[in-house]
Amino acid sequence: MDLFYFILSILYGILKFLHINFIPFNWGGYPVGEWIAWAIVGLVEVIIVFALSMLLVVILVYVFRKYMADLQNRIGPNRVGPWGSLQLIADVFKLIQKQDLIPSRADRIAFKLAPYIVFTPVALGFVLIPFGNISILNLMVLNFPYTVLFLIAFMIISPLGEIIGGLSSHNKFSLYGALRSAAQDIGYEVPMMISVISVIILAGSYSANSIVYAQRNIPFIIPEVLGFFVFFFAMIAKQSIPPFDLPESGSELVSGYSTEYSGMRYGIFYMANFGFMALTSFVVATLYLGGWEGPFPFIPGLFWLLIKAAIFMVIFLLSWIALGRVRIDQFLNLGWKYLLPLSIINLLISAGLALTVGGWF
Amino acid sequence: MEDKLIEVNFGPQHPSTHGVLRIKVRLDGEYIVDAYPVIGYLHRNAEKLAEMGYYPKAMIYVDRLDYVASLNGELGYVLSAEKLMDIQVPERAQWIRMMLVELNRVASHLIWFGTHGLDMGMLTPFFYCFRERERILRIFDEVTGSRLLYNYFAIGGVYSDVTPKAIEMIREFTGNFVTKLEEIEGIFKKNYIYVKRTTGVGKLSLEDALSYGVTGPMLRASGKSWDLRKNQPYLFYKDINFDVPTRPEGDVYARFLVRLEEMKQSIKIVEQILTKLPEGDFYNKKYAKPMLIRLKANGESYVPTESPKGEFGIYLVGDGSTMPYRFRIRSPSFANLSATPVMLKGYKIADLTATVSSMDPVFGEVDR
Amino acid sequence: MIPIESEGTSKDGTRTVYVAKENILAFMKERKDEGFDVLLMITGIDYKDHLEVVYHLLSTTNGNRLVVKTKTDEEVDSMTGLWAGANWHERETWDLVGIKFKGHPNLKRLLLAEGWVGHPLRKDYPLDKKQFVNLGEDGEDRVSFDPREGY
């Protein structure tokens, strides 16, 4: 039983309790009332997940700032709210107040659209993550058989916004940022997809929830070390955080594709960046570390998922803080010459495993 | 072919040009076809300003040349002016000068070290370097009264004596600086990404280096063991035991290693000075502060000194009046920067920032 | 062997030689072959009645230093063929002192904007006349006496 139906039945119960005969409302033979109820429930759920994911992003930004400051002998945000915890809110208010600057020769529509193309898939991606289950209730907004495909699709669409933003800015640095972003997407999506395919082969399903169930005995990181390695690197590259922050390399390309962005448009890029980090942490935890599966059944699965995702978030932040930037040729070499062959080897291994001891998983 | 090239202006407003360097780069994709540095955005004509005032007044303009190593600039000026006027300097003043100049060299290299990390995409070492630099600045604050622009060396000595508290601070600093530096350098040296990105990048051959008048750590990284403190010692450097680090490769990584070793050698020098610091006057009593503006000079002099960036000196021409007739600054960054096109041709955009930052240009000195 | 006009020592003990303007390039070529491999700087001095160009040479093999001077009214030969580093020094000298260098590949102003009137290190440079640098349409700097002019 999914969260969707759970909330639907609660809503139904409330309406029944209030003696509002809303659900069986028919119009011309069609159950319009039921559709409306479904739409309302879906909307409520998406809003809940969106709010929670934004809360997660706010926490992540705060943790990032404090952690970074701690490693760098600084104090970090400490003025707004208790221990500076409301700093991001203050920053958002500041960004909203800023003048909306668009370069005079920019492609205005594409320029305005780009931040949303980056942000929307990230926010949507959270809808597809299985967050755990409480007795028979799946904490998952949408549970249909092709969840993983949609997740990967969202993660591929998001960087397209960076390319669009870079190309439409009418700035040479942005252009270079967009080109690098394109090279990065092409170079790292292929090994990423191949390693996801091996997971799907091993689990025998496209559904994220089934993949989690398939890992109840043994998480996929053990049979698929190579795949995990490839996917993890591809995830760092997709987020474009150091050492792979080539599209927005601050010291070379003046923050690349986002050079011309300011105010809240830049703020959306910034939020999307951290949202993407949270999303990828959840995806890696789901695909390779068994998602919400945990050793003690009395502890809710959401707790395990959060712990697993937090491990990856900290690793991502640490890589951001500690590492330098690679050069474009080294970067593409890593993608094409090392990760792609490794992912293919991993595909063969998992295909062999699926044919021999596949039922065991 | 021609129309495929993109011309990009790196600077004057760019995060990794260390001020206001502008490099017109023609790019073929990611490759640099041609680089043309444009300077002058921080030009104040310090030479003309110095020629318009008394001899001691020029000190404030010298301070603002290499503003991260002001004392090195002051040293070049006072040595040249003292030679010009035949002024004797007490021994203690000379040892104090040596000690502070070496500390300032460490501070300057630390700034380079931190910003070099920033240019390579590493945020964190910057803060560690500035933490260490802060301790040096506190020492300078105690000795000279200011933290960045000191105006401390005077013609005929120094303005104030080094206090016992300052000596204690210097002792504490030299005691644990090298271990801390080694911690910081591990972030770079043990980082595969950094080493891979800097080896073989921004190569400058020895012939080119000499032809362009490149001096200092850059020349030493190109394989020439040339350090004025060793080869043509001034002050009391001949009484002090230290090594001149040299690397043959001539790339960014070699410059990194040379500067790193230089910091350790500077600390070694300071430690020796602390044991040898003599008692006595810290300035020549004949040239007390009010007397200085009456100084007159004839003739010309140029005393080369080894500043953190290379050979620094001021060519003074006097005409018998209280003001210098010609005040020419030999600035190492200027000469080093003129070799930029050679070092950039054929490399990639990412190597541009690495190379420019490895030159350690300071624009107060380049544009003067 | 190129003849030198006169010889002396500067206050810091460096040998200083005067060479005739016509012979300067040949003289410097000789010095370079002799081992003076670094041209430290080129200085232009305005002595009101004539201009002087001063070259500081250094040999990194034996540590010798030499100061070469030549008197000129307007123009001297460029040293860019001998030392690549002379390029910027000569451009700067042209910019600030107004000495032309014959055979320089790109004798433009280096520190000041192209179009600046006068050479500031000349002793007769009018200090009370302000010049303003504005950004032109093509991104290059424009100089004018009127602050409102330009971009």
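The values are calculated or read from the model by the stated rules, or taken from the named source; none is laboratory data. Keep in mind that this is a model prediction, so the values were computed, not measured. Every residue, glycine as well, gets a Cβ built from its backbone with ideal geometry; the counts of neighbours run over all protein chains shown.
For this structure, a couple of remarks:
A quick yes/no check of all residues on (1) hydrophobic (A, V, I, L, M, F, W, C); (2) modelled with pLDDT under 85:
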position: B:Gly121; (1), (2): no, yes
position: B:Glu132; (1), (2): no, no
position: B:Thr144; (1), (2): no, no
position: B:Gly157; (1), (2): no, yes
position: B:Phe177; (1), (2): yes, no
position: B:Leu181; (1), (2): yes, no
position: B:Lys189; (1), (2): no, no
position: B:Thr198; (1), (2): no, no
position: B:Leu204; (1), (2): yes, no
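- Meets criteria (of a type outside the set (Asp, Glu) and in contact with a strand residue (DSSP E or B) (Cβ under 6 Å, 6 or more places away or on another chain)) for B:Phe312: yes
- Among (1) touching a residue at least 40 places away in the same chain (Cβ under 8 Å); (2) buried (at least 21 other Cβ atoms within 10 Å of the Cβ); (3) within 19 Å of the chain's Cα centre (by Cα) - the single one B:Tyr287 does not satisfy: (3)
- Some residue of the range A:303-323 being in a loop (DSSP other than H, G, I, E, B), in contact with a Phe, Trp or Tyr (Cβ under 6 Å, 6 or more places away or on another chain) and touching a residue at least 60 places away in the same chain (Cβ under 8 Å): no
- C:Asn106 being within 10 Å of chain B (Cβ to nearest Cβ), more than 21 Å from B:Arg330 (Cβ to Cβ) and surrounded by fewer than 17 Cβ atoms within 10 Å (Cβ to Cβ): yes
- Every residue from the range B:207-226 that is buried (at least 21 other Cβ atoms within 10 Å of the Cβ), in a loop (DSSP other than H, G, I, E, B) and either hydroxyl-bearing (Ser, Thr, Tyr) or away from every other protein chain (no Cβ under 11 Å) (or both): B:Tyr212, B:Thr215, B:Gly216, B:Ser222
- Hits in the range A:179-189 - residues which are touching a residue at least 24 places away in the same chain (Cβ under 8 Å) and either surrounded by fewer than 18 Cβ atoms within 10 Å (Cβ to Cβ) or touching an Asp or Glu at 6+ places or on another chain (Cβ under 7 Å) (or both): A:Ser181, A:Ala183
- Residue ID - surrounded by the most Cβ atoms within 10 Å (Cβ to Cβ), chosen from residues in the range B:335-368 that are under 13 Å from the mean Cα position of the chain (by Cα) and under 30 Å from B:Lys296 (Cβ atoms): B:Glu365
- Some residue of the range B:108-121 being within 14 Å of chain A (Cβ to nearest Cβ) and not in a helix (DSSP H, G or I): yes
- Scanning the range C:6-31 for residues that are within 18 Å of the chain's Cα centre (by Cα) and part of a helix (DSSP H, G or I) gives C:Lys21, C:Glu22, C:Asn23, C:Ile24, C:Leu25, C:Ala26, C:Phe27, C:Met28, C:Lys29.
- Criterion applied to C:Val76, C:Val19, C:Val54 was being surrounded by 21 or more Cβ atoms within 10 Å (Cβ to Cβ) and within 13 Å of chain B (Cβ to nearest Cβ), and the one residue passing it is C:Val54.
- Residues of the range B:79-98 classified as under 18 Å from the mean Cα position of the chain (by Cα) and within 13 Å of chain C (Cβ to nearest Cβ), total: 2
- Screening C:Met1 against (1) touching a His at 6+ places or on another chain (Cβ under 6 Å); (2) outside the structural domain of C:Asp95 (by TED's automatic domain parsing) leaves a single unmet condition, (1).
- Among the conditions (1) surrounded by fewer than 15 Cβ atoms within 10 Å (Cβ to Cβ); (2) within 14 Å of another protein chain (Cβ to nearest Cβ); (3) at pLDDT below 85, A:Ile75 misses just one, which is (3).
- Considering (1) out of contact with any Leu (no Cβ under 6 Å at 6 or more places or on another chain); (2) part of a helix (DSSP H, G or I), the lone condition that A:Ile299 does not fulfil carries the number (2).
- Residue within the range B:242-262 that is touching a residue at least 12 places away in the same chain (Cβ under 8 Å), surrounded by fewer than 15 Cβ atoms within 10 Å (Cβ to Cβ) and not in a loop (DSSP other than H, G, I, E, B) present: no
Let's see how each residue does on (1) more than 26 Å from B:Ser357 (Cβ to Cβ); (2) in contact (Cβ under 8 Å) with a residue 12 or more places away in the chain; (3) touching a helix residue (DSSP H, G or I) at 6+ places or on another chain (Cβ under 8 Å):
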residue	(1), (2), (3)
B:His116	no, yes, yes
B:Asp119	no, yes, yes
B:Ser146	yes, no, yes
B:Tyr150	no, yes, yes
B:Phe153	yes, yes, yes
B:Thr163	yes, yes, yes
B:Glu182	no, no, no
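- Restricting the range B:311-344 to residues that are small (Gly, Ala, Ser) and facing chain C (nearest Cβ under 10 Å), the residue that is nearest to B:Ser80 (Cα to Cα): B:Gly313
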